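Okay, structure first, notes after.
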């Protein structure tokens, strides 16, 4: 029963309390560069999630045979091979997406989220737990990518789910929702500063929810406790 | 004695790392060979679909995606060799698709494909790669705007250079609101490429197929 509980805890950590995108701020480079549309974000999110699951599984499976002094080169080797394989598969079967993700696909290797999870979690836990952790952390990263992408896309060009056919095939060409005309978009949102501002807004939003949740139980306790933690 | 133990651990670690590299190499090269044909297929399908947009359907009966030459000429906007695809009917030249680029754009070079008939009429123009400002300069993409279609059917060699300009420079091509440099670069580059093609078309069509890069 404790195992099930900790899987739930892992999911909560990955999606909220320890979210790689909003709390740990890992993998900022791809997060900011590829989040200009929801579909781009989703594509990179899926690729990162797949890499994370495979690398966590492999690291966890080999954990008894990994000597400490050479663990980092071994992780890098595992991660780099995984990414290369995913890149080849994508080039063969999802060429449009391969072109969209461009340099950011091979750069998943350098996403410290993946190396971080290998070192901090996978090498100390069973395969099952490592996969659960990879799914949770990968989903957390993916959700932030998609949210930021949708936000920037909506503000920047007035659409939601533009270019969905890159990922879902020709049938998805009509999924695009033009909320308002492209001319009225705020260009800033699509440019790099828009990525930083958007991420900042998401961070502020999350921190605000956390603060409200912390305050609620405290309002029942003595006011001294509230004073002990001055508002920062 | 402790030194010899240390040494043996190091040796073991080294061997382990080497073995891991070999396994990784095997896996990656295995996947490479498994996907290679699929990747080549996908690339050639994509190329053919690009070329079909740049040539008049059924006007040729060779395979332009393999009937290519590599040309280095500054008229194409770079010193790098650029690929030219040739369409023929019964070995008579019909049209060519020229890969070219212009360095004079607002934010880095614009690469494009220009389909031009043997007589010099522009069949179509497609921008393949650019880094122009989204929302301002990217109306050169066919999926955003029909602007590139304003070149179609025109023959730059039959028109005066003063007409082959954006409207701001006294010509006939629309510029974009807030972005003149991008369309101006493309308009001037197309003019240059078309004139170069008109001067060199016979040499181009008589050259042997270039080896792939």
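What percent do you get for the relative contact order of segment A:2-214 when only Cα pairs under 8 Å and 6+ apart count? It would help to have the intermediate numbers written out before the result.
Working: 312 pairs, mean separation 69.1, N = 213.
Computed value for segment A:2-214: 32 percent relative contact order.
For the protein assembly as shown, count the residues as N, evaluate 2.2 N^0.38 Å, and divide the Cα radius of gyration by that value, please. Can you show the working numbers first?
Working: Rg = 27.7 Å, N = 445, 2.2 N^0.38 = 22.3 Å.
Expressed relative to 2.2 N^0.38 Å, the Cα Rg reads 1.24.
So for each of A:51-64, B:146-159, B:15-28, B:88-101 I average, over its residues, the number of other beta carbons within 10 Å; can you give me the resulting order with the highest mean first?
The most tightly packed comes first, giving A:51-64, B:88-101, B:146-159, B:15-28.
Rounded to whole Å, give me the distance from the Cα center of segment B:175-193 to that of segment A:37-105.
Centre-to-centre (Cα) distance: 41 Å.
Would you mind checking the tilt of helix B:2-54 against the longest principal axis of the Cα atoms of chain B, expressed as 0 to 90 degrees and rounded to 10?
Around 20 degrees separate the two axes.
Once you have the Kirkwood Rh of segment B:10-58 from its Cα pairs, apply Stokes-Einstein at 10 °C and 1.306 mPa s and quote D in µm²/s.
Roughly 113 µm²/s, to the nearest whole number.
Cα centroid distance between segment B:77-123 and segment A:132-162, in Å?
When both Cα centres are located, 38 Å separates them.
Taking only C-alpha pairs under 8 Å that are 6+ residues apart, what is the relative contact order of chain B in percent?
Result for chain B is 15 percent.
Largest first and in whole Å, give the semi-axes of chain A's equivalent ellipsoid, each being the square root of 5 times a Cα gyration tensor eigenvalue. Could the numbers behind the result be given before it?
On the way: eigenvalues 182, 171, 42 Å².
That gives 30, 29, 14 Å for the three semi-axes.
Size of segment B:1-138 along its principal axes in angstrom, Cα-based, largest extent first?
86, 40, 30
Only Cα pairs under 8 Å and at least 6 apart count here; give the relative contact order of segment B:1-99 as a rounded whole percent.
Relative contact order of segment B:1-99: 18 percent.
Using bins 10 angstrom wide from zero, how does P(r) for segment B:162-213 break down, in % of all Cα pairs?
Taking every Cα pair in segment B:162-213, the percentages come to 23, 34, 23, 18, 3.
For segment A:120-173, which semi-axes, largest first and in whole Å, follow from the square roots of 5 times the eigenvalues of its Cα gyration tensor?
Each semi-axis is the square root of five times an eigenvalue, giving 33, 15, 5 Å.
Compute the Kirkwood hydrodynamic radius of segment B:59-143, taking the inverse of the mean of 1/r over all pairs of distinct Cα atoms, and give it in Å to one decimal.
Over segment B:59-143, the inverse of the mean reciprocal pair distance is 13.9 Å.
Normalised radius of gyration for segment A:22-118, please: alpha carbon Rg relative to 2.2 N^0.38 Å, two decimal places. Write out the running numbers ahead of the final one.
Working: Rg = 13.8 Å, N = 97, 2.2 N^0.38 = 12.5 Å.
Cα-based Rg divided by the globular estimate yields 1.10.
Using only C-alpha atoms and all pairs of different ones, pull out the Kirkwood radius for segment B:58-206 in Å with one decimal.
15.6 Å is the Kirkwood radius here.
Which of A:93, B:164 comes first, and how do the rest follow, when ranked by fewest Cβ neighbours within 10 Å?
Details: A:93 13, B:164 21.
Least to most surrounded, the residues fall as A:93, B:164.
How many nm is it between the label spots at residue B:15 and residue B:70, if each spot is 7 Å from the Cα in line with the beta carbon?
4.6
At a Förster distance of 35 Å, what's the computed FRET efficiency of residue A:124 paired with residue A:206, Cβ-Cβ distance as r, to 0.05?
That pair, residue A:124 with residue A:206, gives E of 0.80.
Could you check which residue among A:210, A:13, A:133 shows the biggest mean-square fluctuation in a GNM of chain A with a 10 Å Cα cutoff?
A:210
With just the Cα atoms of segment A:87-153, tell me how far they stretch along each of the three principal axes, in Å, largest first.
38, 30, 19
Read the figures in this text as sums done on the coordinates, not as results from a lab. Here the structure is a predicted model, which means the values were calculated and not measured. Here Cβ is always computed from backbone atoms with ideal geometry, including for glycine, and neighbour counts include all displayed protein chains.
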